[in-house]
1. Considering only region 149-159, I want to know if a residue exists there that is closer than 16 Å to ALA48 by Cβ, surrounded by 12 or more Cβ atoms within 10 Å (Cβ to Cβ) and touching a strand residue (DSSP E or B) at 6+ places or on another chain (Cβ under 9 Å).
2. Please verify whether GLU58 is surrounded by fewer than 13 Cβ atoms within 10 Å (Cβ to Cβ), acidic (Asp, Glu), out of contact with any strand residue (DSSP E or B) (no Cβ under 6 Å at 6 or more places or on another chain) and not in a strand (DSSP E or B), treating the condition exactly as stated.
3. Among the residues of region 85-97, what is the count of those that are without any contact (Cβ under 8 Å) to a residue 60 or more places away in the chain, surrounded by 13 or more Cβ atoms within 10 Å (Cβ to Cβ) and either within 20 Å of GLU150 (Cβ to Cβ) or touching a Ser or Thr at 6+ places or on another chain (Cβ under 7 Å) (or both)?
4. Within region 130-139, identify whether any single residue is surrounded by 12 or more Cβ atoms within 10 Å (Cβ to Cβ), without any contact (Cβ under 8 Å) to a residue 40 or more places away in the chain and over 22 Å from ALA56 (Cα atoms), and answer yes or no.
5. Does region 101-123 contain any residue that is surrounded by fewer than 17 Cβ atoms within 10 Å (Cβ to Cβ), out of contact with any Ser or Thr (no Cβ under 7 Å at 6 or more places or on another chain), closer than 26 Å to ARG171 by Cα and modelled with pLDDT under 95?
Amino acid sequence: MAHPAPAVAGHWSRRAWLALLPASLALSACGFRLRGVPQFAFQSMYIAAPTTSPLARELQRTLEGSTTALQVWREPAQLPQAQVVFELLQEQNERSVVGLNASGQVRELQLRLRIKFRLRTQKGEELLEPTELLQTRDISYSETIALAKEAEEALLYRNMQTDLVQQLLRRLAAVRLP
């Protein structure tokens, strides 16, 4: 007795396509779309932040890499040429103990990266009023592997910074000039 040949991998049956149809319709109906390159309402931006700010450096690199239509400056001499000014008012790394063991040794920490910023025109009109964004991460801690935990902490701060930069990009893309 001959058995039917198994379905070839990579080919979808009609039932599989019909099963996916409602999901694709639901996604398109809710407004879902993949993120594309952000579009900004301005052509030039000055980033007013300390030269040592890692967040400002990452924001500048991300903006310059995301679009060719936007000029991003950090040199004070370029300030008068900018259409908008992004001011980093505060950037603060925080670390607090959230868990101790029975003998009072630290077992869990909470890391926070807090930034405060605003966006204004050259004339001083606020496009984004002073806004605070906060990222937090919990991390276990052990004195026996302190160096490894320091490296993990640094990695978590970099991840929080990247998340904040992505949030900033979305907020900047939503700005409309008066």
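The values are calculated or read from the model by the stated rules, or taken from the named source; none is laboratory data. Small disclaimer: the values here were computed from a predicted structure and weren't measured. Here the Cβ positions follow ideal geometry from the backbone for every residue, glycine too, while neighbour counts run over all protein chains shown.
1. Within region 149-159, none of the residues are closer than 16 Å to ALA48 by Cβ, surrounded by 12 or more Cβ atoms within 10 Å (Cβ to Cβ) and touching a strand residue (DSSP E or B) at 6+ places or on another chain (Cβ under 9 Å).
2. no
3. Going through region 85-97 one residue at a time, the tally reaches 2.
4. yes
5. yes
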